[in-house]
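The next block holds one structure in the form of structure tokens; read it before the comments.
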Amino acid sequence: MNILEDIRVLDFGRYIAGPYCAALLGDLGAEVIRVERLNGSEDRFVHPLKDDGGEGAMFMQMNRNKKGMTLNPTKEGSNEIVKKLVESADVVVANLPPQTLKRMGIDYETISKYNPGIILTTVSAFGAGGPYSERVGFDGVGQAMSGAAYLTGNDDEPIKAYSPYIDYGTASLTAMGTLAAIIEKQKTGKGQVVEGALFATSLAFMNTHLIEQSITKKNRKAIGNRSPYAGPVDMVETKDGWIVVQVLGDTLFKRWANLLGEEDLLSDERFSTDINRGINGKILSKKTSEWASQYTNEEALNLLAEASVPAGPVNDLQDALDDPHVKAMNFFQDIEYPGIPGKSPVMGLPVKLSNSDNIIKKRPPLLGEDTDEILGNLGFSKEDIKEFRDKRII
């Protein structure tokens, strides 16, 4: 995809929210320069892919389609590099606290002097202006504080989701905000700050439930895999595994009842509406469980598919990789990386655009792989670059 081919992005991000935002922009064709610490930023080594350490799975995903350079922007003498980088760029992405941005010289007040059209995309845990603004936090903090963890699992223990969906959601939303800022810049020539916050994303994703609580004061509790709003919605065991069944609306409930031979439930007041079916979901889950126990996963899912009832297998990670639909759709692209055995299945932009090829064009960079090229293109001589390296600026 070359939609953003004339856009340069400086990625000072760490872990997920910043780097994934920049990766999405790279997927759309932007030139993304990943700026790392001299010894490699921490997220380069998360989920290492070899027993003796080294690059990790997070780095493989977050840094596709990026160039890589090292830089210590807090080191005396680095300001000249930061200035030229910012002057050459359209967007700076940094999921770092405001005080850290200032210390690094990439706060908006500073970089907008270098380049009035620059867009600064920031992500923090809580956003600026509130009593928690200086606090740090990760995905799990957002899940916990929004009520999501409280309503997940059972009511004897709050549970957060295994996938850090708040991080990914914040990255995706800030990428959308950055695209809007790019459009605005093309109209006016002016830059701006795009501010994402993990807590804000978590509240947005829980907003339906928060609205209900505000109006009805139901004070809901966690009820496992069932839904308080419809039924049957649950994960049930088959002869050889688990499946999830999700029935929402009268039409699907009729299909489910006909499949299970439970037509008498269609005239039962306890199951007359989605809300009633949610209230009495234990009964519907029990019937679904008894039905599923007669079949293997494949048999049950085939019957549910024929009846047009939403269902799917509860896959482990290898099952997900081996899923025939995953393979047929080419969701993953196999990426080779020096020193890592085998190929990493990396997913690019999870949205298809009919007029663009959605392929990963560049593997993640080695540490500092493109530093000399980037600095050379900014006008620094080989002697300048050697001096920067001798001074441990790069």
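What to note about this one:
- For the options N65, N355, N95, a Gaussian network treatment of the chain with springs between C-alpha atoms closer than 10 Å singles out N355 as fluctuating the most.
- Folded to 0 to 90 degrees: helix 250-260 orientation relative to the chain principal axis, Cα: 60 degrees
- Positive-end extreme of charge dipole, the chain - chosen from S308, P116, T288 (charges on Cβ): P116
- Relative contact order of the chain, defined on C-alpha pairs under 8 angstrom at six or more residues apart (%): 18 percent
- Taking a quarter of the surface of the Cα convex hull of region 83-125 gives a mean projected area of 2.6 nm².
- Inverse mean reciprocal Cα-Cα distance (Kirkwood Rh) of region 246-390, Å: 20.8 Å
- Extension gain, S289 to K217: 0.36 nm times the residue separation minus the Cα-Cα distance gives 22.8 nm.
- Counting beta carbons within 10 Å around each of W256, W242 and listing the fewest first gives the order W242, W256.
- K343-H47 FRET efficiency (beta carbon distance; Förster radius 25 Å; 0.05 resolution): 0.95
- With eigenvalues of the C-alpha gyration tensor scaled by 5 and rooted, region 1-117, Å: 24, 18, 11
- Order of F59, F138, F126 - criterion: other Cβ atoms within 10 Å of each residue's Cβ, fewest first: F138, F126, F59
- Long pairs among K67/K362; K83/K190; K361/K386; K217/K254; K84/K362, criterion Cα-Cα beyond 20 Å: K361/K386; K217/K254; K84/K362
- Centroid-to-centroid, using Cα positions, region 338-355 and region 40-79 are 18 Å apart.
- Computed over region 316-369, the percent of Cα pairs more than 15 Å apart is 58.
- The dipole here belongs to the chain: it is taken about the Cα centre, uses +1 on the Cβ of Lys and Arg and -1 on the Cβ of Asp and Glu, and is about 1120 debye.
- Rounded to the nearest 20 debye, the dipole size of region 29-82 about its Cα centre is 180 debye, using +1 on the Cβ of Lys and Arg and -1 on the Cβ of Asp and Glu.
- For region 32-82, the set of trypsin sites (Lys or Arg not before Pro) satisfying both a DSSP loop assignment and a count of at most 16 other C-beta atoms within 10 Å is given as R37, K50, K75.
- Residue-count net charge about N315 - beta-carbon cut-off 9 Å; Lys, Arg +1, Asp, Glu -1: -4
- Rg/Rh for region 11-79, where both radii come from Cα atoms and Rh is the Kirkwood radius: 1.00
- Quick note on region 56-181: its Rg to Rh ratio, both from C-alpha atoms and Rh being the Kirkwood radius, is 1.03.
- Translational diffusion of region 125-262, µm² s⁻¹ [Kirkwood Rh, Cα pairs; Stokes-Einstein; 20 °C; 1.002 mPa s]: 118 µm²/s
- Acute angle (nearest 10 degrees) that the helix 17-27 long axis makes with the longest principal axis of the chain, alpha-carbon atoms: 80 degrees
- Computed across region 41-94, the Kirkwood radius stands at 13.3 Å (inverse of mean 1/r, all Cα pairs).
- By the Stokes-Einstein formula, at 1.567 mPa s and 4 °C, region 105-149 with its Kirkwood radius over alpha-carbon pairs has D equal to 103 µm²/s.
- Ranked list, fewest to most other Cβ atoms within 10 Å of each Cβ, for K102, K113: K113, K102
- Compared with the dominant principal axis of the Cα atoms in the chain, helix 281-292 is inclined by about 90°.
- Projected onto their three principal axes, the Cα atoms of the chain cover extents of 83, 48, 42 Å, largest first.
- FRET efficiency, 1/(1 + (r/R0)^6) with R0 30 Å, evaluated for T188 and L38 via beta carbons: 0.20
- Volume per residue of the convex hull around the Cα atoms, evaluated for region 344-394, comes out as 118 Å³.
None of the figures in this text is laboratory data; all of them are computed from the coordinates on show. Predicted, not measured: the structure shown is a model, and the values here were computed from it. Backbone-built Cβ (ideal geometry, glycine too); neighbour counts: all protein chains shown.
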